[in-house]
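Heads up: the structure comes next, in structure tokens.
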Amino acid sequence: MRIVRTRSGHPVEVRAAEPADAPALLAYFQRVGAESPHLTFGAEGVELTEAEEHAYIARTRNLENVLFLVAVMGGELVGSLTFTGGPRPRNRHTGEFGVSVAQPYWGEGVGRALVEEMLEWAVAGGIIRKIDLRVRTDNARAIALYERLGFTVEGRMTRTLLTDGRFHDSFLMGRQVDPVP
Ligand SMILES: CC(C)(COP(=O)(O)OP(=O)(O)OC[C@H]1O[C@@H](n2cnc3c(N)ncnc32)[C@H](O)[C@@H]1OP(=O)(O)O)[C@@H](O)C(=O)NCCC(=O)NCCS
């Protein structure tokens, strides 16, 4: 858990999601899905019931290579990040993450705080050695953030998303994680 200050000076708590966050998270996903064309879901949000989301969060808290973070400002959920590592011995050291921030708070440093918290968690845990993500090729804000935090483009996939009747390509980006000597 960390408390960071946004660029405009407001404290934001970045912490592991708790099962009790389930209803707020489902509402949050519907909100950010409506606000951004860059996520894999729209205004419908994610396809989980409150009970399923509750159970999912409870399960992730016990897994060493899964991380579910939330960013909370003044009691309001304003951001989230999920990293999911592989389920098998041969791929448990690697996984993909997704991050989002509610639109009124873009550019305030919340996304950066979430990704930095994940990177610290990965280094400290010693299990994760590679972190991947997919990002729409026209998502300049997100790409700039990832590049500043050490991610590089490793490939390009075509037609990964369909919004407003148009296909969009995504970059595959990745960053290796090395244990602190
Ligand atoms: C992408 C996202 C998570 C970033 O979160 P954020 O809180 O706005 O990010 P931050 O404020 O921490 O950092 C954004 C960085 O991009 C820079 N930036 C902002 N707009 C930019 C643009 N159009 N082009 C390039 N860089 C830009 C900012 O200056 C900042 O860099 P800095 O920290 O060095 O100043 C957020 O905008 C979001 O949720 N977008 C919608 C969903 C999404 O796209 N998720 C990612 C899917 S892969």
* Label Arg141 and Arg59 with points 7 Å out from Cα along Cα→Cβ: what is the distance between them in nm? -> 3.2 nm
* To the nearest 500 deg cm²/dmol, what mean residue ellipticity at 222 nm is calculated for the chain from DSSP H runs of n ≥ 4 alone, each contributing -39,500 (n - 2.57), summed and divided by the residues? -> -8500 deg cm²/dmol
* **Exposed GluC sites (Glu not before Pro) absent: longest stretch of the chain, with sites in DSSP loops and at most 16 other Cβ within 10 Å deemed exposed** => 65-181
* What length, rounded to one decimal in nm, is gained on full extension from Ala124 through to Glu44, with 0.36 nm per residue of separation minus their alpha-carbon distance? -> 25.2 nm
* Taking the dipole about the Cα centre of the stretch 1-46, with the C-beta of Lys and Arg at +1 and of Asp and Glu at -1, give me whichever of Gln30, Ser8, Ala43 is farthest to the positive side. => Ser8
* **the stretch 104-181 versus the stretch 1-68: alpha-carbon centroid distance in Å** => 17 Å
* Asked: By how many nm would the segment from Arg7 to Arg159 grow when fully extended, if each residue of separation counts as 0.36 nm and the alpha-carbon distance is taken off?
  -> 51.2 nm
* **Solvent-free Debye scattering, log10 I(q)/I(0), computed from the Cα coordinates of the stretch 1-41 at q = 0.19, 0.24, 0.25 Å⁻¹** => -0.80, -0.93, -0.93
* To do: Enter the mean projected area of the convex hull around the alpha-carbon atoms of the stretch 83-181, in nm², rounded to one decimal.
  => 7.4 nm²
* the stretch 127-144 residues near the modelled Phe167 label - backbone nitrogen below 20 Å, point 7 Å along Cα→Cβ -> 134-139
* How big is the antiparallel share of DSSP beta bridges in the chain, given as a percent to the nearest 5? -> 95 percent
* Semi-axes of the equivalent ellipsoid of the chain: what are they in whole Å, largest first, if each equals the square root of 5 times a C-alpha gyration tensor eigenvalue? -> 22, 21, 18
* Pick from Gly79, Gly125, Gly98: which residue has the top mean-square fluctuation in a GNM of the chain where Cα pairs under 10 Å get a spring? -> Gly125
* Under Karplus coefficients 6.51, -1.76 and 1.60, residue-wise ³J(HN,Hα) of the stretch 115-130 in Hz, glycine/proline x -> 5, 5, 4, 4, 5, 5, 4, 5, 5, 5, x, x, 9, 6, 10, 7
* Candidates Leu67, Leu161, Leu48: whichever shows maximal mean-square fluctuation once the chain is modelled as a Gaussian network with Cα springs under 10 Å -> Leu48
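Bear in mind these aren't lab numbers, they're just calculated from the coordinates by the rules spelled out. Quantities reported herein were computed from a predicted structural model and do not represent experimental measurements. No Cβ is skipped: glycine too gets one built from the backbone with ideal geometry, and neighbour counts run over all protein chains shown.
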